Amino acid sequence: MVTVLGWLAALAIVVGLATGFGMAPREVTQGNVQRIMYLHVPAVWVAYLAFTVGFVASVVYLARRREAADRLAHAACEVGTVFLGVNIATGAIWGKPTWGTWWTWDARLTSVAVVFVMFLAYLLLRQAVEDRERGARYAAVLAIVAALNIPLVHFSVYWWRTLHQPPSLLKPGASAMPPIILAALLVNFGALAILGAYFIARRARVLAGEAEAMA
Amino acid sequence: MPDNWGFVAAAYGLAAVVFGGYWRRLVRKERELTALRADRANRSRPPSGTAHPRPDAGWRAPLQ
């Protein structure tokens, strides 16, 4: 099942690249550098999804103390951190030619950096506490607190004056995006979502194997 | 606005390195786990009895 998901992810990425570079037109204002959007935006959506899975699994772990839930939370938060890292790095690369700077401390960028650091702390915490059960409990609390910041990241562009543009899609009302660009964005989101699911499934399997080996 | 293809290549190249690196990390961890399981299976197996053959009943060390 995991292997099938992996091949599906590879195929979906090829299709995503073909739509992002072959089907979607050159954007009028920004030129071809806008094609970074097909990677930058889906990466943060997948990170949000992974952190949501991590949030739910952490709540389940705290309520029921099921180790499978803890492993799922660990895998999802780790994969979410990888995708969020890609989002931040590609945003900086996109920012340089369009804004004239790699980084600025505006509300969106600062809030997303805070969430990224919180999930890095989560991963460090998992390794730092020797007692496995206690480490899992602390990590679950941190994952819940960190994931609660995601709405703050999303709405930061409305609540504060920011250099970052407001959401083009995850907002009330119709999207102002041309349908072909929207289609390319959604195809790439699908591809990265499958890749994220594959990574989470494989990481959870490794964690289960490690737990079995330690027992 | 110029196309800035270099920035596009940098963004996609960086993502490929990060995702590829993470995938390789998972593969390495699975290999380590497989090796650990094999090692444990070998240790838990009872000795075959042929590894350290007993000397013959009449054999004595030279000083005895």
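FYI, it's all coordinate maths here, none of it is from the lab. Note that the structure is predicted; figures quoted are calculated from it, not measured. Because the Cβ atoms are built from the backbone with ideal geometry, glycine has one as well, and the counts that use them run over all protein chains shown.
Based on the Kirkwood radius over alpha-carbon pairs, what value in µm²/s does the Stokes-Einstein equation return for the translational diffusion coefficient of segment A:75-205 at 20 °C and 1.002 mPa s?
Using the Kirkwood radius from Cα pairs, D works out to 128 µm²/s.
For chain A, the relative contact order is 36 percent, taking Cα pairs closer than 8 Å that sit 6 or more residues apart in sequence and dividing their mean separation by the residue count. Listed peptides A:148-157, A:181-190, A:98-107 appear in the order A:181-190, A:148-157, A:98-107 once ranked by packing, highest mean of other Cβ atoms within 10 Å at the front. The angle between the Cα long axis of helix A:150-159 and the longest principal axis of the Cα atoms of chain A comes to about 30 degrees, rounded to the nearest 10.
Rounded to the nearest 0.05, what FRET efficiency do A:MET23 and A:LYS171 give with R0 = 22 Å and r taken as the Cβ-Cβ distance? Could you check? With R0 = 22 Å, the Cβ-Cβ based efficiency is 0.35. Each peptide in A:205-212, B:4-11 receives the mean, over its residues, of other Cβ atoms within 10 Å, and ordering these scores from highest gives B:4-11, A:205-212.
Can you classify segment A:35-129 as rounded, prolate or oblate using the Cα gyration tensor, where a ≥ b ≥ c are the square roots of its eigenvalues, rounded means a/c under 1.5, and otherwise it's prolate if a/b beats b/c and oblate if not? Judged from the Cα gyration tensor, segment A:35-129 comes out prolate (a/c at least 1.5, a/b above b/c).
Extension gain, A:LEU124 to A:ILE180: 0.36 nm times the residue separation minus the Cα-Cα distance gives 16.0 nm.
Peptide A:89-97 has a mean of 5 when you count, residue by residue, the C-beta atoms of other protein chains within 10 Å of its C-beta. Of the peptides A:111-117, A:193-199, the ranking by mean beta-carbon count within 10 Å, highest at the top, reads A:193-199, A:111-117. Averaged over peptide B:12-23, the number of partner chain Cβ atoms lying within 10 Å of each residue's Cβ comes to 6.
Averaged over peptide A:30-37, the number of partner chain Cβ atoms lying within 10 Å of each residue's Cβ comes to 6.
The angle between the Cα long axis of helix A:179-214 and the longest principal axis of the Cα atoms of chain A comes to about 20 degrees, rounded to the nearest 10.
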